[in-house]
Amino acid sequence: MENNGWDDSAEAWIADMGAEGDFSRRHVLDAPMLARIRGRDFRNALDVGCGEGRFCRMLAAEGIATIGIDPTARLLAAARTRDPQGRYLQGRAEALPFDDASFDLVISYLTLIDIEDYAGGIAEMARVLRPGGSLLIANLNSFSTAGDWTAEGKAASGFLIDNYLDERAEWESWNGMLVRNWHRPFHLYMQALLSNGLRLVHFDEPAPTDGNPQTIARYRRAPWLHVMEWVRDERAP
Ligand SMILES: C[S@@+](CC[C@H](N)C(=O)[O-])C[C@H]1O[C@@H](n2cnc3c(N)ncnc32)[C@H](O)[C@@H]1O
């Protein structure tokens, strides 16, 4: 299996997530993700790239029978410790060990940038969804994965996007982690989703709702995160 840095970064990731998740999750993404789920009739869910299981635990708290799947053994061990009743499997998005049409809801929570064969992963997520079921995605915007702050912290800093159309893997380092992320122009994700019998029913670029004012201000400056819900065509076989 290719080295994507996650085995060596798992301990730092678990510490960084803590009990409540990092800023992007806690203050930006959790609320709009849960808003797409609450009040709907999702009985079971698959969380692809579940990490240490935080969103699986949130889905279970909503009464949804949830399975988490992830290739990184150390993260799965943490997920099992934190949620002994939960179901966590080792596996990859590109080869999901489930029958067609097995789930009402499939989640990809900040994982598409980690998946090497994103097109294979998206095809698998669509395959295991039942017709009419939802694929709920949170991802880093392609505009942000192509860019960086020019001089972070300085008043005159800006966000520079470059080589936007070139797909590439880049090693990102923060808070003791070193993992490989993929930059892909947005059309690659959209075309893969469109070509798998999925229909876009929701798109948002959520702003932070609360938290440190300086961090909120920084998140509002650059094109950072988005949430999409895609529904599998009812006519799919
Ligand atoms: C940024 S973390 C997100 C974890 C979790 N979804 C969350 O939001 O806390 C990315 C995750 O993708 C997983 N991952 C990497 N390659 C993968 C693949 N091919 N299929 C599924 N998951 C993968 C990593 O092990 C890691 O847990």
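Any read-out appearing in this document is the output of simple, stated calculations on the displayed coordinates, not a laboratory observation. Note that the structure is a prediction, hence the values are computed from the model and not measured. Note that we place each Cβ from the backbone using ideal geometry, even for glycine, and neighbour counts take in every protein chain shown.
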Highest-fluctuation residue, Leu225, Leu200, Leu75 considered, GNM on the chain with Cα pairs under 10 Å: Leu200
Relative packing of 30-39, 61-70, 133-142, which averages over residues the other C-beta atoms within 10 Å, highest first: 133-142, 61-70, 30-39
Check: the chain dipole with +1 on Lys, Arg Cβ and -1 on Asp, Glu Cβ, in debye: 660
For the stretch 6-232, share of DSSP beta bridges that run antiparallel, in % to the nearest 5: 55
Rounded Å value of the spacing that divides the Cα centres of the stretch 1-74 and the stretch 92-171: 14
Summed side-chain charge close to Gly21 - residues other than Gly21 whose Cβ falls under 13 Å, Lys, Arg +1, Asp, Glu -1: 0
Relative contact order for the chain, counting Cα pairs under 8 Å that sit 6 or more residues apart, in percent: 21
Principal semi-axes in Å for the stretch 1-133 [√(5λ), Cα gyration tensor, largest first]: 21, 19, 14
Cα-Cα separations in the stretch 22-91 greater than 16 Å, expressed as whole percent: 46
Quotient of Cα Rg and 2.2 N^0.38 Å for the chain, N being how many residues it contains: 0.98
Over the chain: helical MRE at 222 nm, DSSP H runs n ≥ 4 each giving -39500 (n - 2.57), nearest 500: -8000 deg cm²/dmol
The chain: angle of helix 118-128 to the longest principal axis, Cα-based, in degrees nearest 10: 30
Cβ crowding within 10 Å averaged over residues, with 161-170, 12-21 ranked highest first: 12-21, 161-170
